[in-house]
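Input: a single structure, listed below in structure tokens.
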Amino acid sequence: MAYKAPRGTVDILPTESGKWQELEQLLRTICANYNVKEMRTPIFEHTELFNRAVGDTTDVVSKEMYTFEDKKGRSITLRPEGTAGIVRAYVENKLYGMPEKLQKVYYMGPMFRYERPQNGRQRQFHQFGVEMLGVESPYVDVECMLMAVTVVKALGLKNIQLHINSLGDQESRDAYREALQNHFQPVLNELCHDCQVRYEKNPLRILDCKVDKNHPMMQTAPKTIDYLSDNAKAHFEKVCALLDDLEIDYVVDPNLVRGLDYYSHTVFEIISDDPKLGAGSTVGGGGRYNGLVEELGGPQTPGVGFAFGMERLMIALGDDHDDDDEGLDVYIMPLGTEAKDLAMQIMTMLRANGFTCDMDQCDRGLKGQFKSADRFHAHFSMIIGEDEVQKEVVNMKCNHTKEQVEVPLENIVEFIENHYEGDHDHE
Ligand code: HAM
């Protein structure tokens, strides 16, 4: 039987992992710049966590979760997103009691959703996400958005738009819920079965129904922004004013409701028209979730955050990036068994001295070995033949200057160091 990776999963091969590391490094640098620390939570959690946090009328929970029973019959789910796990860990580890009231954390890692795979959509995919917990202030909403914008700018993404909206506080949401029910009530029997359930349990979710998306009543549905309480309106106006002051371009998009239930107040998405992604593709999104910590058993604590799909960032990043690693310091080319024995010794010694080093293990002739030195972008090729073994020397060829010198075994490290000292391009 020929084994294949499960549908919707992708192998990241050694030729691509350099570009992933480059992306991860860039994201970590931005996090350090924003004073955001890493937090790592389990890849699986109790299913109940996602039902509670994300909401059981959302597509993510009702249709897309990888859920199974463990050997003790507990219901376990592979995380479909990162916020629920972070907030669970925040409550469990009482991070709300930390001296620093605003806790800013980031995460990167695999997420799992049973969706129809297509360009930029997988069943196992990666997210880079940020959560800021503890302070209910429009300034923190804007810090999150600034960070998201910094990421796309640093990656050089073109044709980017920041879409924002407000879902308001509980009072606004109650008023909006009623308005939505009044709106859809006359056509309820024209909507799909799921929407009829949503109508009762969570009418907001009707708006992201894939089946009924072309129903004429969708276009004319009431907008959240028209039902904001005075408080919610003031919060949103301050967010917009801060974005204006910082000269961050944005579009107020009254149709933006996001697909997860925990949001309140500000929601936002970063949408790209980059042709590589397809028009109107969402690279990342997030928003405020003031009720979530309490929902998961913690004290009333506000939060706001966002997540990017890393595959989408990778597609947008394109192939024009230099995905080469820095190259080896030394590639050792032994000719014959005795030379190989010596090569193993030298390679071990060089690695112990901190140099990146490899050797031919395929007993090839010089030509084949030089090709490898080339592929590995080796600074030096170290040739060891029978003569060199006898004389206790090696032949060091600098692949940049093409100079070749005989170096006694005991002087190899010194030789490389001296050579690098004169070469300002290195490092
Ligand atoms: P989300 O909008 O469900 O939000 O996902 C965030 C991003 O993950 C999407 O914009 C997309 O780029 C990427 N993504 C989602 N599903 C897939 C998939 N099947 N394949 C590839 N990429 C995908 C959240 O997950 C929230 N937890 C974000 C958040 C953090 N809100 C507050 N804090």
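Considering only protein heavy atoms and a probe of 1.4 Å, how much of the accessible area of the chain is carbon and sulfur, as a whole percent? The nonpolar share, carbon plus sulfur, comes to 48 percent. Estimated from the Cβ-Cβ distance and a Förster radius of 45 angstrom, the FRET efficiency linking D341 and A32 is about 0.50. Coupling constants for the stretch 234-246 follow from the phi torsions by the Karplus curve (6.51 cos²θ - 1.76 cosθ + 1.60, θ = phi - 60°), and in residue order they are 5, 4, 5, 5, 5, 4, 5, 5, 5, 4, 4, 4, 8 Hz; glycine and proline get x. Take the Cα of S137, step 7 Å toward its Cβ, do the same at T9, and the gap between the two points is 4.4 nm.
Computed extension length for E237-N93: 48.4 nm, one decimal, from 0.36 nm per residue of separation with the Cα-Cα distance subtracted.
Here the Karplus curve 6.51 cos²θ - 1.76 cosθ + 1.60, taken at θ = phi - 60°, turns the phi angles of the stretch 355-367 into couplings of 8, 7, 8, 8, 9, 6, 10, 10, 6, 8, x, 4, 4 Hz, with x standing for Gly and Pro.
Working ranking of peptides 398-407, 342-351 by packing, defined as the average number of other Cβ atoms within 10 Å per residue, highest first, is 342-351, 398-407. Per-residue extension of 0.36 nm, minus the Cα-Cα distance of K367 and Q404, leaves a gain of 11.7 nm for this segment. Kirkwood analysis of the stretch 326-422, using all unique Cα-Cα pairs, places the hydrodynamic radius at 13.1 Å. For I332, nonlocal amide neighbours, meaning residues 5 or more places apart or on other chains whose placed amide H falls under 5 Å from its own, are D358, M359, D360, M382. Remark: the chain carries 52 Å² of accessible area per residue (probe radius 1.4 Å; ligands, DNA and RNA excluded). With a Förster radius of 51 Å applied to the beta-carbon distance between K210 and T356, the computed FRET efficiency rounds to 0.55.
Using the Cβ-Cβ distance between E294 and R177 with R0 set to 22 Å, the FRET efficiency works out to roughly 0.70. Kindly flag which residue pairs out of K71/K104; K158/K238; K153/K233; K153/K223; K276/K397 have an alpha-carbon separation exceeding 32 Å in this structure. The answer is K71/K104; K276/K397. DSSP loop (so not H, G, I, E, B), at most 11 other Cβ within 10 Å: list which trypsin sites (Lys or Arg not before Pro) in the stretch 206-280 pass both filters. Sites meeting the loop and neighbour criteria: K210, K213.
Protein-only accessible surface at a 1.4 angstrom probe places the residues F125, F268, F68, F415 in the order F68, F415, F125, F268, largest first. Quote the Stokes-Einstein diffusion coefficient, in whole µm² s⁻¹, for the chain, based on the Kirkwood radius over alpha carbon pairs, a temperature of 10 °C and a viscosity of 1.306 mPa s. Answer from the Stokes-Einstein relation: 63 µm²/s.
The values are calculated or read from the model by the stated rules, or taken from the named source; none is laboratory data. As the structure is a computational prediction, the values presented were derived from the model and not from experiment. Backbone-built Cβ (ideal geometry, glycine too); neighbour counts: all protein chains shown. Note: accessible area is taken over every heavy atom of the protein model, side chains too, but ligands, DNA and RNA are not part of it. Shrake-Rupley method; radii C 1.70, N 1.55, O 1.52, S 1.80 Å.
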